[in-house]
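The values are calculated or read from the model by the stated rules, or taken from the named source; none is laboratory data. Quick caveat: nothing in here was measured; it's all calculated off a predicted structure. Backbone-built Cβ (ideal geometry, glycine too); neighbour counts: all protein chains shown. SASA here: full protein model, heavy atoms, side chains in, ligands and nucleic acids out. Shrake-Rupley method; radii C 1.70, N 1.55, O 1.52, S 1.80 Å.
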Amino acid sequence: MSERIFIAVAWPYANSPLHLGQIAGAYLPPDIFARYHRTKGNEVLMVSGSDQHGTPITIKGEQEGKKPEQIATEYHRQFLDSWQKLGISFDLFTTTGTANHAEVAQHIFLTLLDKGYIYKATVSQPFCSQCQRFLPDRYVEGTCPHCDFIGARGDQCDNCGKPLNAAELIAPRCRICSTPPQFKDSEHFFLRLSNFRDQLLAWVRQQTHWRQNVLNFTISYLEGGLKDRAITRDIAWGVPIPLLGFEGKCLYVWFEAVIGYFSASKEWAKATGDEERWRSFWQSEAKSYYFIGKDNILFHTIVWPAMLMGYGNLNLPYDVPANEYLTIEGRKLSSSRNWAVWLPDYLSRYEPDPLRYLLSINMPETGDTDFSWHEFVRRNNDELVATYGNLVHRVLTFVYRSFDGCVPTPGEFDSHSQALIDKAKDTLKMMDELLYRCHFKEAIKAAMALAQETNRYLEEKSPWKIIKHDKQASATALYVAILVLCCLRTALYPFLPFSSQRLHEFLGFKGNIEDGGWQPHFPSPGQRLLPPEPLFSKLDEGLVEEETKRLGLPAS
Ligand SMILES: [Zn+2]
Ligand SMILES: [Zn+2]
């Protein structure tokens, strides 16, 4: 019975290149998940896009003397290029700058207003007398009242993750000119979040399949009470408030960006030629997964579900598998201090699969994990190359040479061979259960354990030695090894799509791995192999020093 799986992926701000923290946190996991479900034969829709609005973009524009749309377009192109090179297989990666998105966001705003879930109020907003402008969100900085962090912003504290409003900041100052702001009245709209607290709490308490960190954070936040939140801003760059008398004001970027999951689904449906197709993921039996970093939990387990409850007749999130953080060489990642590994840099120098491997086997699923270049080289050389790559290469080159380039015909399986075949089948089954529950790290470890086991099997059987006096026994051992490779090709495909597809072809299969389903395949004796080549290359230890030196340097 096939399932419908909607995969919603965090919208990156189009104001800087992507870094490995974002990839490990929010972009690689959904891609693994999507490839796995597609292979199982499930109907998958994976969408996201670049977030073009909000103060992160306008501030960057002002710093570089560019228009916000110019900044957004440049980074959007770069994101698309990165997804293609890293193999992140979105069904649609759009932007919040489309007419479709503005229309959908405005429609949701007006519907919630109409239903009484949004109301108007006059609020006092920080205003810089020097710059002669209001200072929304990131335009005002100060000290966090919760954790005393000095660089907290008018929308959120990056240190403790708590949402803030400018009036709560201690010693606020204008981000542009450092003048302490005055407070002036401005008319804004508020989402009546307080109205949804009990309904949210009842709903969240039923989500026992959520990750502990996500569940605990959400429940304790709700138990602390829910305040209504302003969802409009004094800023001209964004989706305009669709009402007369509010010129120069826009929907708050967070209110409008989460709507992107829905508007992107509509855009995707239009592109398929069936405008109503979004309904099968939003109004029928479907599971919606939201892949995000832990700093965005609140918006996906509280704000967006409240908006959906208010709007009505759309599926609520089924799961929000938020990841923890990736540190870099033992230190907290910091874009501003350039203590980060930038994805376009990585992709300009190295292959995608070794990074996907490291970030999968070291994924910050339940706690922070660390990326180091030393670990990158070690895992590539000792695990990808030595354990898995060499297994594939040894078996395929020997079979190719000794059996006329074809899968050999096995004799009877002894108990050791049968045990390995069973383990291969069990591994696929176990990984199926793990991947279904978004346990990515354990799943890839299971696949690597199978590769290790197969190396031990071949050591004992030594098909390369016995071929001289017992060609049948050698053929059987190699056939069993090829059978395992067929399983590993499928098992590792969600994690390592590029090398898995090459292995698929070396094994003599055509088409896409996904077409074969999530199941073991017994290769046909006589099947023609393609001339094998190594799947991975060893990396030079010297790159560790070279790459580590780049960290923390002023960005070029
Ligand atoms: Zn704080
Ligand atoms: Zn100012």
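Can you report the number of residues in segment 510-552 which are touching a strand residue (DSSP E or B) at 6+ places or on another chain (Cβ under 7 Å) and under 26 Å from Leu488 (Cβ atoms)?
The qualifying residues number 4.
Among the conditions (1) away from ligand 2 (no atom under 16 Å from the Cβ); (2) touching a Gly at 6+ places or on another chain (Cβ under 8 Å); (3) among the acidic types (Asp, Glu), the only one that Asp155 does not satisfy is (2). Return yes when Leu215 is open to solvent by less than 30 Å² (accessible area, probe 1.4 Å) and touching a residue at least 40 places away in the same chain (Cβ under 8 Å) and no when it is not. For Leu215, the condition - open to solvent by less than 30 Å² (accessible area, probe 1.4 Å) and touching a residue at least 40 places away in the same chain (Cβ under 8 Å) - is not met.
Pairs linking a residue in segment 125-145 that is within 9 Å of Pro181 (Cα to Cα) to a residue that is near ligand 2 (Cβ under 9 Å from one of its atoms) and among the basic types (Lys, Arg), with Cβ atoms under 8 Å and 6 or more positions apart or on different chains, are Phe127/Arg133; Leu135/Arg175; Val140/Arg173; Val140/Arg175.
Kindly indicate which of Leu243, Leu215 is part of a loop (DSSP other than H, G, I, E, B) and out of contact with any Pro (no Cβ under 8 Å at 6 or more places or on another chain).
So the residue among Leu243, Leu215 that is part of a loop (DSSP other than H, G, I, E, B) and out of contact with any Pro (no Cβ under 8 Å at 6 or more places or on another chain) is Leu243.
The rows are residues; the columns are (1) open to solvent by 40 Å² or more (accessible area, probe 1.4 Å); (2) assigned to a loop (DSSP other than H, G, I, E, B); (3) near ligand 1 (Cβ under 10 Å from one of its atoms); (4) within 24 Å of Thr232 (Cα to Cα).
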{"residue": "Pro145", "(1), (2), (3), (4)": "yes, yes, yes, yes"}
{"residue": "Asp148", "(1), (2), (3), (4)": "yes, yes, yes, no"}
{"residue": "Asp158", "(1), (2), (3), (4)": "yes, yes, yes, yes"}
{"residue": "Arg173", "(1), (2), (3), (4)": "yes, no, no, yes"}
{"residue": "Ser186", "(1), (2), (3), (4)": "no, no, no, yes"}
{"residue": "Phe189", "(1), (2), (3), (4)": "no, no, no, yes"}
{"residue": "Asn195", "(1), (2), (3), (4)": "yes, no, no, yes"}
{"residue": "Asp198", "(1), (2), (3), (4)": "yes, no, no, no"}
{"residue": "Gln207", "(1), (2), (3), (4)": "no, yes, no, no"}
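Tallying residues that are modelled with pLDDT under 90, polar (S, T, N, Q) and within 16 Å of Ile235 (Cβ to Cβ) within segment 48-68 yields 1. The residue list Ala167, Ala121 contains one member that is more than 16 Å from ligand 1 (Cβ to nearest atom) and of a type in the set (A, V, I, L, M, F, W, C), which is Ala121.
Conditions tested, residue by residue: (1) touching a Ser or Thr at 6+ places or on another chain (Cβ under 6 Å); (2) surrounded by fewer than 21 Cβ atoms within 10 Å (Cβ to Cβ); (3) within 30 Å of Gln519 (Cβ to Cβ).
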| position | (1), (2), (3) |
| --- | --- |
| Thr39 | no, no, yes |
| Gly61 | no, yes, no |
| Ile71 | no, no, no |
| Thr96 | no, no, no |
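Within segment 246-271, being open to solvent by 60 Å² or more (accessible area, probe 1.4 Å) and at pLDDT 95 or above holds for Lys270, Ala271. So Lys287 clears everything in (1) more than 29 Å from Gln84 (Cα to Cα); (2) within 22 Å of the chain's Cα centre (by Cα) except one condition, right? Which one? Tallying (1) more than 29 Å from Gln84 (Cα to Cα); (2) within 22 Å of the chain's Cα centre (by Cα), Lys287 fails exactly one: (1).
Considering the conditions (1) within 16 Å of the chain's Cα centre (by Cα); (2) in contact (Cβ under 8 Å) with a residue 40 or more places away in the chain, Leu358 is excluded by exactly one of them, (2). Between Tyr457, Tyr479, Tyr493, the distinction of being buried (at least 18 other Cβ atoms within 10 Å of the Cβ), within 35 Å of the chain's Cα centre (by Cα) and at pLDDT 95 or above belongs to Tyr493 only.
Tell me, yes or no, whether segment 436-446 has at least one residue that is in contact (Cβ under 8 Å) with a residue 40 or more places away in the chain, outside any helix (DSSP H, G or I), exposed (fewer than 15 other Cβ atoms within 10 Å of the Cβ) and not aromatic (Phe, Trp, Tyr). Within segment 436-446, one or more residues are in contact (Cβ under 8 Å) with a residue 40 or more places away in the chain, outside any helix (DSSP H, G or I), exposed (fewer than 15 other Cβ atoms within 10 Å of the Cβ) and not aromatic (Phe, Trp, Tyr).
Among Leu326, Leu316, Leu298, which is at pLDDT below 95 and touching a helix residue (DSSP H, G or I) at 6+ places or on another chain (Cβ under 7 Å)?
Leu298
Going by the structure shown, is Glu223 open to solvent by 60 Å² or more (accessible area, probe 1.4 Å) and charged (D, E, K, R)? Spelling it out, Glu223 is indeed open to solvent by 60 Å² or more (accessible area, probe 1.4 Å) and charged (D, E, K, R).
Summed over segment 400-420, residues that are surrounded by 18 or more Cβ atoms within 10 Å (Cβ to Cβ) and not polar (S, T, N, Q) total 5. Within segment 160-171, the set of residues being assigned to a loop (DSSP other than H, G, I, E, B) and away from ligand 2 (no atom under 16 Å from the Cβ) comprises Cys160, Gly161, Lys162, Leu164, Asn165. Scanning segment 98-137 for residues that are assigned to a loop (DSSP other than H, G, I, E, B), within 16 Å of ligand 2 (Cβ to nearest atom) and surrounded by 18 or more Cβ atoms within 10 Å (Cβ to Cβ) gives Leu135, Pro136.
Exactly one residue out of Ala14, Ala8, Ala34 is of a type in the set (A, V, I, L, M), out of contact with any helix residue (DSSP H, G or I) (no Cβ under 6 Å at 6 or more places or on another chain), touching a residue at least 12 places away in the same chain (Cβ under 8 Å) and open to solvent by less than 10 Å² (accessible area, probe 1.4 Å): that is Ala34.
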